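The values are calculated or read from the model by the stated rules, or taken from the named source; none is laboratory data. Everything numeric in this text was worked out from a predicted model, so none of it was measured. Ideal geometry is used to build each Cβ from the backbone, glycine not excepted, and the neighbour counts take in all protein chains shown.
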Amino acid sequence: MDNVDVDSLWARLRRRKVVQWGIAYAAGAWGLLQGLAYATATFHWPEVLQPLATLALLIGLPIVLVIAWYHGDRGHQRVTAAELAIITLLFLVGGAMFWRYERDVGEGGVTLPLAVSPGAASTPGPPEPAETAADVPDNSIAVLPFVNMSGDPAADYFSDGISEEILNVLASTPALQVAARTSSFAFKDQQKEIPVIARELKVRMILEGSVRRQNQKVRITAQLIDAKTGFHVWSETYDRELDDIFEIQDEIAQAIGEKMKVQLVGQGPGGDESPDTGSIEAHDHYLRGLALWQRRREADLWQAVEEFQSAVAADPSYAEAYAGLALVYSVIADYTTRISYSDAMYQATNAAEMALALDPSLPESYAALGSVANWERRRQTANSLFQRAIALRPSFATAHQWLGNGMMAAGDPVSGLVALERASALDPRSLVVAENHAYALTALGRYEDARKVCEPIIAVEADYFNCQLRAGMAELLRGRSEKARPFLIRAAEINNRSALPLVNELLDAVEGRGDRRTIARRLAAFPLRSDVTPGSGNIFSDGEIPGLLMLLGEPDMALGYVGRHSSGPFGSLDWAMVDLSMDPIRCDPRFREIARNLEITDLRAAKLCGKQAMASK
């Protein structure tokens, strides 16, 4: 019986020309779409025409089939009220879909749904909103690391570098809030959905793509996704010679600016932020060096120096390579004893000045010079240089971070914290930004907040020494040594196992099971930079030891320690001087004299010590 019914239905469909109409419609629609695709590419018509036409043809298919049913070779049937309602409903649904689609396009919207980043597993269901509108600015964007499709993992630096250059162009635009490289690149090779990534980075737009490099040819595919709706806003594929790589980067950035309705600003004589070199070899070394600098490890930093030097050797006029070299030298002395602070600052200054002579528009050069000025305690100069770097690239998280550090060191931890909070907003997954942010919170006595800033970093990077140490110090200074112990022990295990006895004895002494004065003497006897000296038995920085001496009840030792080590132009004692733990000795004339020697305007002393502190300035 069922077979008879099926045969009868099929015969009726053929007799009424429904099958013929359906086949003809499908063939015509396919031809129309192919022709439209060709015309769009040839005449540069808006890309939105293709998906709109597809949607219109899909809506038209059931309408055509209904019409065929009633107007086949027996087109004498009368349309019943129920059937008329169905046809009307089809038109209403189609009209509603067109109305919604046109509204999305007018708002910067959309062509095709996308739920996950490249390589991620697809999950059914509607896209999840990234954040509430109040939390995420419409002008915010993150550039994910482009996927390396070349088949050689060693070429990751190249695809990462493409992403980095596009990010830098966007970050130079005041109208955009761009997530920093360290945060957006933290999602590399992670199987996370786009809305989840956007929510963690607090952005609305996500740019992702892929790079396939073979010999002297490169194919780059880029797509911009609105995480709020889960749809594509724009996509494009570029097939070019490798010599045109900088032009492609600019084209992608300009297309994004157009879709986000912002005008990308030109930076420098060339009117853009393309790497100012014609040497592919030099650019290769530059990209490798940039990736290594971001890792902030001793071995990686020295390798970054080699890469930037190789870039300069390949193209002596390559300004960005000199700027990269300046960035590395401005921080490397914090991570190694292989170079003195004075030598590192000299090298940083020399490289930054060379970069500025070649291109005065590079924000990295100003940031590096600001870092040098800060180490040399030229406070106002440092502040101005950091502000100049930020003016050139408003989303330059490192410049905001170093500005905050400089304000802290100059005696204004409150203003410093504001700048560091901005750096954290721009670069929420940066290890070093989080650690500096937590340090500032600790200095202000906000110990719980300091630990909370470092907890997400520890969750994804359990072997990051600085945040383990920072969380441990926050708990220790808060008076919770039992909670500090696991953090501090882990920090010693990561960075310097020879310090494990000191850590345990310090914690025992604080808990009343050891001689505090003996531990204090051991701490006070450590030379500067012992925390980065292998086998020194110490993990605590020069800026942390005075606070520990105060905790152990030895204010005179704390005064003696900062007094002995405050005569040189470099060091991290500045941060110790503004720490809340120093308040019991802040009004001591010796302390105020040390603050003056360190070029610190101690705003906290002005409040605590009143006229006495002000009179001694």
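Could you tell me whether V460 is farther than 17 Å from A492 by Cα and surrounded by 24 or more Cβ atoms within 10 Å (Cβ to Cβ)? Before you say what the answer is, go through the steps one by one.
Details: farther than 17 Å from A492 by Cα: yes; surrounded by 24 or more Cβ atoms within 10 Å (Cβ to Cβ): no.
No, not satisfied.
Taking the condition small (G, A, S) and without any contact (Cβ under 8 Å) to a residue 40 or more places away in the chain, does A499 pass? No; evaluated as a whole, the condition is false for this residue.
Step by step: first the residues of region 461-497, then only those that are of a type in the set (F, W, Y) and closer than 16 Å to N538 by Cα, then the one that is farthest from the chain's Cα centre (by Cα). Which residue is that?
Kept after step one, since they are of a type in the set (F, W, Y), are these residues of region 461-497: 464-465, 487.
Imposing the further condition that a residue be closer than 16 Å to N538 by Cα reduces the set to 465, 487.
Numbers: F465: 20, F487: 26 Å.
It comes out as F487.
Answer yes or no as to whether A321 is surrounded by 23 or more Cβ atoms within 10 Å (Cβ to Cβ) and farther than 17 Å from W402 by Cα. Here the answer is yes, as A321 does meet what is asked.
Collect the residues in region 584-604 that are in a helix (DSSP H, G or I), in contact (Cβ under 8 Å) with a residue 24 or more places away in the chain and either surrounded by 14 or more Cβ atoms within 10 Å (Cβ to Cβ) or out of contact with any Leu (no Cβ under 8 Å at 6 or more places or on another chain) (or both), keeping them in residue-number order. Quick ask: steps written out before the conclusion?
Filtering region 584-604 for residues in a helix (DSSP H, G or I) gives 584-585, 589-597, 603-604.
Checking the rest, the ones that are also in contact (Cβ under 8 Å) with a residue 24 or more places away in the chain come to 584-585, 589-592, 594-595, 597, 603-604.
Correct list: P584, I585, P589, F591, R592, I594, A595, N597, L603, R604.
Test L201 against the criterion of being under 15 Å from the mean Cα position of the chain (by Cα) and closer than 22 Å to E258 by Cα, and give yes or no.
Details: under 15 Å from the mean Cα position of the chain (by Cα): yes; closer than 22 Å to E258 by Cα: no.
So L201 fails the test.
Screening E193 on (1) at pLDDT 80 or above; (2) within 15 Å of E164 (Cα to Cα); (3) within 18 Å of the chain's Cα centre (by Cα) shows it passes everything except condition (2).
E475 - would you say it is touching a Phe, Trp or Tyr at 6+ places or on another chain (Cβ under 7 Å), surrounded by fewer than 24 Cβ atoms within 10 Å (Cβ to Cβ) and either in a helix (DSSP H, G or I) or aliphatic (A, V, I, L, M) (or both)? Full working, then the answer.
On the way: touching a Phe, Trp or Tyr at 6+ places or on another chain (Cβ under 7 Å): yes; surrounded by fewer than 24 Cβ atoms within 10 Å (Cβ to Cβ): yes; either in a helix (DSSP H, G or I) or aliphatic (A, V, I, L, M) (or both): yes.
Yes: the conditions hold for E475.
Does D574 satisfy being without any contact (Cβ under 8 Å) to a residue 12 or more places away in the chain, assigned to a helix (DSSP H, G or I) and not β-branched (V, I, T)? First the steps, then the outcome.
Numbers: without any contact (Cβ under 8 Å) to a residue 12 or more places away in the chain: no; assigned to a helix (DSSP H, G or I): yes; not β-branched (V, I, T): yes.
In short, no.
For region 351-358, the criterion of being modelled with pLDDT of 95 or more and under 19 Å from A171 (Cα atoms) is met by no residue. Of the numbered criteria (1) surrounded by fewer than 24 Cβ atoms within 10 Å (Cβ to Cβ); (2) small (G, A, S); (3) more than 21 Å from the chain's Cα centre (by Cα), the one A410 fails is (1). Looking for something outside any loop (DSSP other than H, G, I, E, B) and over 17 Å from D239 (Cα atoms) - is there at least one such residue anywhere in region 215-224? Checking region 215-224: at least one residue is outside any loop (DSSP other than H, G, I, E, B) and over 17 Å from D239 (Cα atoms).
When region 325-358 is filtered for residues that are acidic (D, E) and in a helix (DSSP H, G or I), the ones remaining, listed by number, are D343, E353. Say we look at region 281-320 and pick out the residues that are hydroxyl-bearing (S, T, Y) and assigned to a helix (DSSP H, G or I); which of these is nearest to I166 (Cα to Cα)? Checked region 281-320; the qualifying residue nearest to I166 (Cα to Cα) is Y286.
Restricting attention to region 555-598, the residues being in contact with a Phe, Trp or Tyr (Cβ under 6 Å, 6 or more places away or on another chain) and not hydrophobic (A, V, I, L, M, F, W, C) number 0. A Cβ distance below 6 Å, combined with a sequence gap of six or more or placement on separate chains, defines the contacts here; from region 403-428, residues that are part of a helix (DSSP H, G or I) reach residues that are surrounded by fewer than 24 Cβ atoms within 10 Å (Cβ to Cβ) and among the hydroxyl-bearing types (S, T, Y) in the pairs M407/S415.
Residue by residue through region 436-448, note down the ones that are touching a residue at least 12 places away in the same chain (Cβ under 8 Å) and either among the aliphatic types (A, V, I, L, M) or within 27 Å of F591 (Cα to Cα) (or both). Working first, answer last.
Of all residues in region 436-448, those touching a residue at least 12 places away in the same chain (Cβ under 8 Å) come to 436-445, 447-448.
Matches in region 436-448: N436, H437, A438, Y439, A440, L441, T442, A443, L444, G445, Y447.
Just one of the numbered conditions (1) over 22 Å from Y329 (Cβ atoms); (2) surrounded by fewer than 24 Cβ atoms within 10 Å (Cβ to Cβ) is not true of R379: (1).
Close Cβ contacts (under 8 Å, 6 or more residues apart or on different chains) running from residues in region 348-370 that are in contact (Cβ under 8 Å) with a residue 60 or more places away in the chain to residues that are surrounded by fewer than 20 Cβ atoms within 10 Å (Cβ to Cβ) and not in a helix (DSSP H, G or I) comprise L358/S317; D359/G268; D359/P269; P360/G268; S361/G268; S361/P269; L362/G268. Cβ separations smaller than 7 Å between residues 6+ apart or across chains give the following pairs from region 163-190 residues that are assigned to a helix (DSSP H, G or I) to residues that are of a type in the set (A, V, I, L, M) and modelled with pLDDT under 80: I166/I252; I166/A253; V169/A253; V169/L264; L170/A253; L170/I256. Is it fair to say K607 is within 12 Å of G411 (Cβ to Cβ), modelled with pLDDT under 95 and surrounded by fewer than 16 Cβ atoms within 10 Å (Cβ to Cβ)? Against the criterion (within 12 Å of G411 (Cβ to Cβ), modelled with pLDDT under 95 and surrounded by fewer than 16 Cβ atoms within 10 Å (Cβ to Cβ)), K607 qualifies.
Do we have S581 as surrounded by 15 or more Cβ atoms within 10 Å (Cβ to Cβ), closer than 30 Å to A344 by Cβ and not aromatic (F, W, Y) here?
On the way: surrounded by 15 or more Cβ atoms within 10 Å (Cβ to Cβ): yes; closer than 30 Å to A344 by Cβ: yes; not aromatic (F, W, Y): yes.
Criteria met by S581.
Among residues that are buried (at least 21 other Cβ atoms within 10 Å of the Cβ), in contact with a helix residue (DSSP H, G or I) (Cβ under 7 Å, 6 or more places away or on another chain) and under 27 Å from F591 (Cβ atoms), L362 is not included.
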